[in-house]
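One structure below.
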Amino acid sequence: MNPPNAILHELLNLAEIMLTNGAEVSRVEETLNRMGHAYGATQMNVFAITSSIVVTMVFEEGEEYTQTRRITTPVGTDFFKLEQANALSRRCCSSPLSLADLKDEINKISKISPAPYTIYLGSMLGAGGFSVFFGGTILDGVIAVIFAFLLCFLQRHLNSICSNTLILQFFCSLFIGSGICVSAHFFPVIHADKVMIGDIMLLIPGLMSTNAIRDVLIGDTLSGIIRLIAALLLAAALALGFMGAILLFRRLGL
């Protein structure tokens, strides 16, 4: 028989993967409820917010097991990981895996990471496309692609140095905005506003805002407010970074 504490620990590992890769709080709670019952619990008490998960499993014998998990990993978006986690939960609900197999499957999911070139390519295509879409020229799109590459490089390599996402967002915005202003000064044919629009699109916390509103509408008010505040702070850091770059170079007369 699988030790309940060990099963609960692995369920929290799976929940953490889902929560830190863009899953809604309600989806995380529902997944834990279903998997807990599949592993023999008669009652599941699950409470999850963006920064913490608390789970209590109650069994027929009256035994109760409670574990908590503090979520410190920055929240991102990885739909492939979410798809794999959902597939694993459905498999466990239909035919529960052994503890060893469950641990192996969760470890495999946690180690999944997209190829770096796909992130760079997607960001470059997105920035260039948005720049042209909002009225920029082909040259503006090309410049936006170049700065999108630099932006991805900064995000990937500074993430391990700066754990504060607000500071990282502000620094990246300020650096990219300054670079665009310098480019527009030396090459007047470039439309700095159109290039900035393309690169700003890569930093806007759109999915976080959407999930926040969704959480509030379905009743997860606390989680929704936390996500909404985080999204607003990231948007403010983004705006301050680009605005700071524009005001700085305007003050310098460039």
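The values are calculated or read from the model by the stated rules, or taken from the named source; none is laboratory data. Since this is a predicted model, take the numbers as computed values, not measurements. Glycine also receives a Cβ, built like all others from the backbone with ideal geometry; neighbour counts cover every protein chain displayed. For the accessible areas, the whole protein counts, side chains as well, though only heavy atoms, and no ligand, DNA or RNA atoms are used. Shrake-Rupley method; radii C 1.70, N 1.55, O 1.52, S 1.80 Å.
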Checklist outcome for this item: Measuring from the longest principal axis of the C-alpha atoms of the chain, the long axis of helix 25-38 (C-alpha) lies at a number of degrees, nearest 10, equal to 20 degrees
Checklist entry - Looking at segment 20-79, which GluC sites (Glu not before Pro) are DSSP coil and have at most 16 other C-beta atoms within 10 Å of their C-beta? => result E60, E61, E63
Item to check | Which of A237, I176, N33, positive extreme of dipole for the chain (C-beta unit charges) | outcome: I176
Checklist entry - Tell me, what is the percent relative contact order of the chain, built from C-alpha pairs under 8 Å that lie six or more residues apart? => result 17 percent
Item to check | Whole-percent carbon and sulfur share, accessible surface of the chain, 1.4 Å | outcome: 64 percent
Next on the checklist: Give me the count of lysine pairs in the chain whose alpha carbons sit under 17 angstrom apart, restricted to pairs 8 or more positions apart or on different chains.
Outcome noted: 4
Checklist outcome for this item: Between the Cα axis of helix 116-133 and the main Cα principal axis of the chain, the angle (0 to 90°, nearest 10) is 50 degrees
Next on the checklist: Using only Cα atoms and rounding to the nearest 10 degrees, what angle (0 to 90) does helix 99-110 make with the longest principal axis of the chain?
Outcome noted: 10 degrees
Checklist entry - For segment 50-207, what is the accessible area per residue in Å², given a 1.4 Å probe and the full set of protein chains? => result 56 Å²
Next on the checklist: Show log10 I(q)/I(0) for segment 126-251 at q = 0.11, 0.15, 0.16, 0.20 Å⁻¹, two decimals, from a solvent-free Debye sum over equal Cα scatterers.
Outcome noted: -0.41, -0.71, -0.79, -1.07
Item to check | Global form of segment 35-109, assessed from the alpha-carbon gyration tensor, a/c cut-off 1.5 | outcome: oblate
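Tell me the net charge near G136. Cut-off is 10 Å between Cβ atoms, G136 excluded, with +1 for each Lys or Arg and -1 for each Asp or Glu.
It works out to a net charge of -1.
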Checklist entry - Once you charge only the Cβ atoms, +1 for Lys and Arg and -1 for Asp and Glu, what is the size of the charge dipole of segment 1-106 about its Cα centre, to the nearest 20 debye? => result 240 debye
